[in-house]
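Structure first, commentary second.
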Amino acid sequence: LSSQKKFDEIKKANQAAAKKLVEDQFSSSSEDDDEDAEVKQGKILAKTFTIYTSQTDGDASELERTRQYMNEAFQSGAMTCLICIASVKRNQAVWSCCGCFCIFHLVCIQKWAKDSLFLVSSPLTDDDFGKKDYPWPCPKCRFEYKRSETPSRYYCYCGKVENPTLDPWLVPHSCGQICEREFKPSCGHKCLLLCHPGPCPPCPKMVTTTCHCKKAKPVPRRCSAKEWSCHLPCGRMLLCRQHTCENSCHAGDCQPCPRVSKQRCICGRQTAERLCASPQWQCDQVCGKPLPCGNHTCEQVCHVGPCGDCPRSGKRSCPCEKSKFTLPCTEDVPTCGDSCDKVLECGIHKCSQRCHRGPCEICRQEVEKQCRCGKHTKRMPCHKPYLCETKCTKIRDCQKHQCRRKCCSGNCPPCDQTCGRTLGCRNHKCPSGCHRGSCNPCPETVDVKCNCGKTVIKVPCGRERTIKPPKCKQLCSRPPTCHHTTQEKHYCHFGRCPPCRQPCQKMLACGHLCPVPCHDEALVKQTGLHQSAGPWEQPSEPAFIQTALPCPPCEVPIPVECLGQHEVSPLPCHSAKPYSCKRFCGRLLDCENHTCMKECHHVTKLNSSADGKKAGLECSQCEEECTKPRPSGCPHRCVLPCHPGDCPSCLQMLKIKCHCKLSILYIECL
C-alpha cells in the first residue's frame, strides 16, 4: 500500500510538471522566432485591421501606435507586469489600465489595489474609516481608480467577453470581435478594429464640415481631422468692439486685440497708451474729492462712481464695542471706562484692562498646564506652551521606526526616513519615504540593444536580464575570421559568426583553386583524451576543437592517356598519371605475325619517327615456330623461328624415282 501511494504521488507530480511545461511552451513569452511565426503574426494583424483599412482606402498610417502595442503582445518578453517584473503570458488572466494601457497580471493588480487602499486608510480612526471612497493609483501612470473599480474578473481588451478563450489565431487576450469602444475625443463613432490592446486609432469615417471661421464651403474630411483652417483672415469682432481679428482662420476664441490706443484711467485724471484689449485701468492717485460732511476728503485710489458718505459719520462704537456714541465726524470716539473683556489669544481668559485702544496684552495668569503628551503637569503663565523632555516611543505608520519626538501628542507624523529597500528590479533602492507594504515598481527603463547597438528596445528595469535582445536588420560588421577578405552577408547577432560557406579558393600545388566550402574553422572531435578509471565511470561527451583543415585533394578532371596509348580517360587531378587500362598491349612484334599479349604497359620509343603500333623493348618476344604456308609439294617445316617476310627455300634432300621407277635421284626439295 505504501509503495502504491508513493507511485501515485510521483505520477501526479509528473503530470503537473508536464502540464506546466506545455502551458509555458504555449505562452506569448515563448513564441518561436522563425519565419512561420512572423507570417502568422502578419496575417493576424491584417485580419485585425481589415475593417479599418477598408474605410481609409488601404491607408494604415494612423495604425502605427496600435501596431506597436500588438507587436509587443506577440514579441517574446515584451509584455511585462511592472508589479512582479515577470512576463505576461497569453494563458494568464490580465488587466489593462485605461490611462496608459499598460498590462498587469490580474492577481498582481488586485493585490496592488488592496495594499494601496490599506496604506491610505491606515492613519484614519475607526470613526472615519469607510466614510470616504479613497482611490488607488495605476502603478505606472498613477491614474486613480475608485474602490468599486478594483478588477475582480478577467475580460478581453474591449470588455465584452469574460475569460476570453485562448486562440492561437487571435491577438493574445483578445475576443476577436469588433472593438466598438467610443473614440477619444468622442465623435459619435466607434472603433472598427477587432478587439485589440492599446488606444483606439483616430476615427476613419468621412464627414462634411466647414472651416473654423465658417467662411469656406463644407468639404468631406476624416472625422478625426474634421477641424481645419481655410487660412483666410478670421474677421470676427474683438472684445474691444473697435477692431476685427486679423489672424488666419483659427479654432477657439480670438486673441486679445494687439493694437495700442490712448485711454483714460477710471477717474479720468491720467491718459496713457495701452493695449486696446484692456481699456479699464487705475492710476495710483488718491481720489481727494470732498466728502458730504465737508470736513474730510475721499481716501480711495482712482475709482468710478460717487465717493459715498464719510466713514466717521453715524453711530460709532468704543474700542471694547460695549457702548455706542453719536458724535461729529471731527471728534474721536472716547473709551467707555468699562472693562475690556475681549477673549485673549489663549482662548480661555478675557482681558481685565479697562476699555482701551490697540491690541490686548498677552495672558499672564498662572495656570496648571499639562504637557502635550499628557504625562506631566506644571504651574506656569497661560501664554507659554509647556513641552516636556519625554521622547515618544510609539511606532510610526511605517511600523518600523519609533517616533522619538519630544512631548508628542500621539498623532505622530509620517516617518521621515528613506525606505531604501531593494526594488523588484534588483538594480535600485526605493527612494520613497519609509512605508508599509510593497514598494512601487521601479520607474526606470533600460535600453536593450542588439550586438551592434543600432536596434534598441526599452524594457522595465530588471527585465534586461531575462528578455531576448531585439532582432536587428543591420548586416553583421565583424571582420572575417578566415582567410577571405569579406564574409557572407548575415544579420547582426551575438556570439560567434556562423561558419563561412564561401568556396575556399586557395591555390593548390597543382595550380587549381580549392572549390570546397571554407574549412579554416572546422570542428574536429577529440577522442582518447581522457581514459576512464573503470567501468563505473560515465563516458564523457566528446570534445570538439576548432581548427583549420588542409585542403582536400584536387578533384578537377584531367584527361590522361593509358600506358599503352589505347584510350584517354578523365582522372582526378591528384591522381592524374599514366595508368594501365588492363587491355592486351596489341603492338606488332618483330616477327610481324603476332602482337604483344602483355597487359597494357609502358613502351619506350627508340626514335621519334617510330610507328606508334610497333612493339618496343618492353614488349614480349615471339617464341612461336614459323607457321607460314609452305610452297606446294613441300612437306617440310620452316627451319627458322617465326620471322617476317617469306620463308627461305627448302634445302632438304629428297630421294625421287623417275617416271619409270628404274632410276633414283637425290635432289633438294626446292
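How many residues does the stretch 191-212 hold that are part of a loop (DSSP other than H, G, I, E, B) and more than 30 Å from Leu232 (Cα to Cα)? The qualifying residues number 10. None of Lys378, Lys384 is open to solvent by 40 Å² or more (accessible area, probe 1.4 Å) and part of a strand (DSSP E or B) except Lys378.
The requirement of being loosely packed, with under 13 Cβ neighbours inside 10 Å and either hydroxyl-bearing (Ser, Thr, Tyr) or not in a loop (DSSP other than H, G, I, E, B) (or both) is fulfilled somewhere in the stretch 438-450, by at least one residue. Per the listing Leu1, Leu63, the residue uniquely open to solvent by 30 Å² or more (accessible area, probe 1.4 Å), modelled with pLDDT under 80 and either at negative phi or of a type outside the set (Asp, Glu) (or both) is Leu1. Which of the residues belonging to the stretch 144-173 are open to solvent by less than 30 Å² (accessible area, probe 1.4 Å), out of contact with any Leu (no Cβ under 7 Å at 6 or more places or on another chain) and without any contact (Cβ under 8 Å) to a residue 60 or more places away in the chain? Scanning the stretch 144-173 gives Tyr145, Cys156, Cys158, Pro164.
Applying the selection to the stretch 219-237, what residues are outside any loop (DSSP other than H, G, I, E, B) and closer than 30 Å to Tyr52 by Cα?
Taking the stretch 219-237 and keeping what is outside any loop (DSSP other than H, G, I, E, B), we get 219-225, 233, 237.
Across the stretch 219-237, the qualifying residues are Val219, Pro220, Arg221, Arg222, Cys223, Ser224, Ala225.
Please verify whether the stretch 338-347 includes one or more residues that are at pLDDT 85 or above, more than 30 Å from His383 (Cβ to Cβ), of a type in the set (Ser, Thr, Tyr) and not in a loop (DSSP other than H, G, I, E, B). No, every residue in the stretch 338-347 fails to be at pLDDT 85 or above, more than 30 Å from His383 (Cβ to Cβ), of a type in the set (Ser, Thr, Tyr) and not in a loop (DSSP other than H, G, I, E, B).
Assess whether Val560 counts as being of a type in the set (Val, Ile, Thr), open to solvent by less than 60 Å² (accessible area, probe 1.4 Å) and in a loop (DSSP other than H, G, I, E, B). First the steps, then the outcome.
Values: of a type in the set (Val, Ile, Thr): yes; open to solvent by less than 60 Å² (accessible area, probe 1.4 Å): yes; in a loop (DSSP other than H, G, I, E, B): no.
It is false that Val560 is of a type in the set (Val, Ile, Thr), open to solvent by less than 60 Å² (accessible area, probe 1.4 Å) and in a loop (DSSP other than H, G, I, E, B).
For residues that are open to solvent by less than 20 Å² (accessible area, probe 1.4 Å) and among the hydroxyl-bearing types (Ser, Thr, Tyr), scanning just the stretch 75-115, find the one that is nearest to Leu45 (Cα to Cα). Only one residue tops the list, namely Ser76. Residue check: Gly453 meets all listed conditions (1) in contact (Cβ under 8 Å) with a residue 12 or more places away in the chain; (2) open to solvent by less than 70 Å² (accessible area, probe 1.4 Å); (3) of a type outside the set (D, E, K, R) but one, namely (1). Kindly indicate whether any position in the stretch 391-405 is open to solvent by 40 Å² or more (accessible area, probe 1.4 Å), assigned to a loop (DSSP other than H, G, I, E, B), more than 30 Å from Cys81 (Cα to Cα) and touching a Leu at 6+ places or on another chain (Cβ under 7 Å). Taking every residue of the stretch 391-405 in turn, none turns out to be open to solvent by 40 Å² or more (accessible area, probe 1.4 Å), assigned to a loop (DSSP other than H, G, I, E, B), more than 30 Å from Cys81 (Cα to Cα) and touching a Leu at 6+ places or on another chain (Cβ under 7 Å).
Against the test of being touching a strand residue (DSSP E or B) at 6+ places or on another chain (Cβ under 8 Å) and either surrounded by 11 or more Cβ atoms within 10 Å (Cβ to Cβ) or modelled with pLDDT of 85 or more (or both), the options Cys660, Cys642 yield a single qualifying residue, Cys642. Residue by residue through the stretch 586-606, note down the ones that are open to solvent by less than 30 Å² (accessible area, probe 1.4 Å) and among the aliphatic types (A, V, I, L, M). Leu589, Val603 - these are the residues of the stretch 586-606 that are open to solvent by less than 30 Å² (accessible area, probe 1.4 Å) and among the aliphatic types (A, V, I, L, M). The residues in the stretch 505-529 that are more than 21 Å from Cys476 (Cβ to Cβ), open to solvent by less than 50 Å² (accessible area, probe 1.4 Å) and assigned to a loop (DSSP other than H, G, I, E, B) can be counted, and the count is 4. Restricted to the stretch 465-497, and to residues there that are under 25 Å from the mean Cα position of the chain (by Cα), farther than 11 Å from Asn451 by Cβ and of a type outside the set (Lys, Arg), the residue that is least open to solvent (accessible area, probe 1.4 Å) is Ile467. Beta carbons closer than 8 Å, at least 6 apart along the sequence or on distinct chains, pair a first residue in the stretch 627-654 that is within 19 Å of Asn593 (Cβ to Cβ) with a second that is open to solvent by less than 80 Å² (accessible area, probe 1.4 Å) and of a type in the set (A, V, I, L, M) for Cys647/Leu640; Pro648/Leu640. Across the stretch 414-432, the qualifying residues are those that are open to solvent by less than 40 Å² (accessible area, probe 1.4 Å) and out of contact with any Leu (no Cβ under 7 Å at 6 or more places or on another chain), and the one among them that is nearest to Ile85 (Cα to Cα) is Cys425.
Okay, residues lined up against (1) in a strand (DSSP E or B); (2) under 30 Å from Gln502 (Cβ atoms):
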{"residue": "Pro431", "(1), (2)": "no, no"}
{"residue": "Cys452", "(1), (2)": "no, yes"}
{"residue": "Val459", "(1), (2)": "yes, no"}
{"residue": "Glu464", "(1), (2)": "no, no"}
{"residue": "Cys472", "(1), (2)": "no, yes"}
{"residue": "Cys482", "(1), (2)": "no, yes"}
{"residue": "Thr486", "(1), (2)": "no, yes"}
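Annotation for the stretch 271-278: at least one member residue is open to solvent by 40 Å² or more (accessible area, probe 1.4 Å), farther than 30 Å from Ser339 by Cα, touching a residue at least 12 places away in the same chain (Cβ under 8 Å) and among the hydroxyl-bearing types (Ser, Thr, Tyr). If you check Lys215, Lys205, Lys226 for being surrounded by fewer than 19 Cβ atoms within 10 Å (Cβ to Cβ), in contact (Cβ under 8 Å) with a residue 60 or more places away in the chain and more than 27 Å from Ile103 (Cα to Cα), only one passes: Lys205.
Check whether at least one residue in the stretch 171-184 is farther than 29 Å from Ile51 by Cβ and among the basic types (Lys, Arg), and report yes or no. Before the answer, list the steps.
Of the residues in the stretch 171-184, the ones farther than 29 Å from Ile51 by Cβ are none.
Within the stretch 171-184, none of the residues are farther than 29 Å from Ile51 by Cβ and among the basic types (Lys, Arg).
Yes/no per residue for (1) modelled with pLDDT of 75 or more; (2) charged (D, E, K, R); (3) assigned to a helix (DSSP H, G or I); (4) open to solvent by 60 Å² or more (accessible area, probe 1.4 Å):
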residue	(1), (2), (3), (4)
Val22	no, no, yes, yes
Phe49	yes, no, yes, no
Gly58	no, no, no, no
Asn71	yes, no, yes, no
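For the stretch 238-327, the strands (runs of 3 or more DSSP E) that sit wholly inside it and include 1 or more residues that are over 59 Å from the mean Cα position of the chain (by Cα) and closer than 30 Å to His356 by Cβ are 315-317, 324-326.
The values are calculated or read from the model by the stated rules, or taken from the named source; none is laboratory data. Just so you know, these numbers come straight off a predicted model, no measurement behind them. For neighbour counting, all protein chains shown are included, and Cβ atoms are generated from backbone atoms with ideal geometry for every residue, glycine included. Only protein heavy atoms, including side chains, enter the accessible area calculation; ligands, DNA and RNA are left aside. Shrake-Rupley method; radii C 1.70, N 1.55, O 1.52, S 1.80 Å.
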